[in-house]
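What follows is a set of notes on a single structure, which appears directly below.
The values are calculated or read from the model by the stated rules, or taken from the named source; none is laboratory data. Because the structure is predicted, anything quoted here is derived from the model rather than measured. Positions of Cβ are generated from backbone atoms using ideal geometry, with glycine treated the same way; all protein chains shown enter the neighbour counts. Heads up: the accessible areas ignore ligands, DNA and RNA and are worked out on the full protein's heavy atoms, side chains in. Shrake-Rupley method; radii C 1.70, N 1.55, O 1.52, S 1.80 Å.
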Amino acid sequence: MSILTCDNISYAIGVKEILSDVTFAVNPGAKVGVIGVNGAGKTTLFSIIRGALEPTGGAVYLQKDTEMGCLEQINDNKQFSKSIYETALEAFDGLIAMEEQINRLNERIASGDESVINRFTELNEKYLREGGNEFRGKTAAILKKFGFGEEEFGSPAQYLSGGQKTKLLLARLLLRESDIILLDEPTNHLDIEAIEWLEN
């Protein structure tokens, strides 16, 4: 069964037709390349697939409960408010929120409130099951794979070059492990070693 289906997708701006009757399906685990010259509509197609643009014709169908991630083309003007490490760690916002809740419950237990013990136990088990002990190590490992040294982790992401920002966003996207990952020209700023790693 297809995880993603595009059925007769069309997109036009006024009389200018950018996409016409685009139809394809993607099965789970498949890797698909969208190839075309600049201006052919690749980024427009991605925007339609992820719901940022409404097609003027046709429809996109996703398998139920499918999580999608997208790496867009960016430039030096892309704004960041956190450090390199904190930006990558945003991939695990859910686990971090769970961790904070566990800490609050633990404080209540330590102060003598036994009414939250069951909730603490359940939440802690879920946290561990979903990778609570591993996500920080995974984040550091993938940042290093994309050329960020540990000494840079605390540096503001805002001051990275456009290419480095792309690498950082790609690292965060891959850490999220979405069911569908849309990569818009991700290899533009990667060296050969990083490209080979990404391909694998």
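Summary of computed values
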read-out: Failed item in (1) among the β-branched types (Val, Ile, Thr); (2) surrounded by fewer than 16 Cβ atoms within 10 Å (Cβ to Cβ); (3) over 30 Å from Phe146 (Cα atoms); (4) in contact (Cβ under 8 Å) with a residue 12 or more places away in the chain, with Ile102 passing the rest; value: (2)
read-out: Members of segment 14-48 that are under 19 Å from the mean Cα position of the chain (by Cα) and loosely packed, with under 14 Cβ neighbours inside 10 Å; value: Pro28, Gly29, Ala30, Lys31, Val32, Gly33
read-out: Search result, residues across segment 142-184 that are among the polar types (S, T, N, Q), over 26 Å from Ile35 (Cβ atoms) and either open to solvent by less than 10 Å² (accessible area, probe 1.4 Å) or assigned to a loop (DSSP other than H, G, I, E, B) (or both); value: Ser155, Ser161
read-out: Residue among Gly58, Gly29, Gly36 that is of a type outside the set (Lys, Arg) and touching a Lys or Arg at 6+ places or on another chain (Cβ under 7 Å); value: Gly36
read-out: Residue check for Asp191: among the charged types (D, E, K, R), open to solvent by less than 20 Å² (accessible area, probe 1.4 Å), in contact (Cβ under 8 Å) with a residue 40 or more places away in the chain and more than 26 Å from Ile102 (Cβ to Cβ); value: no
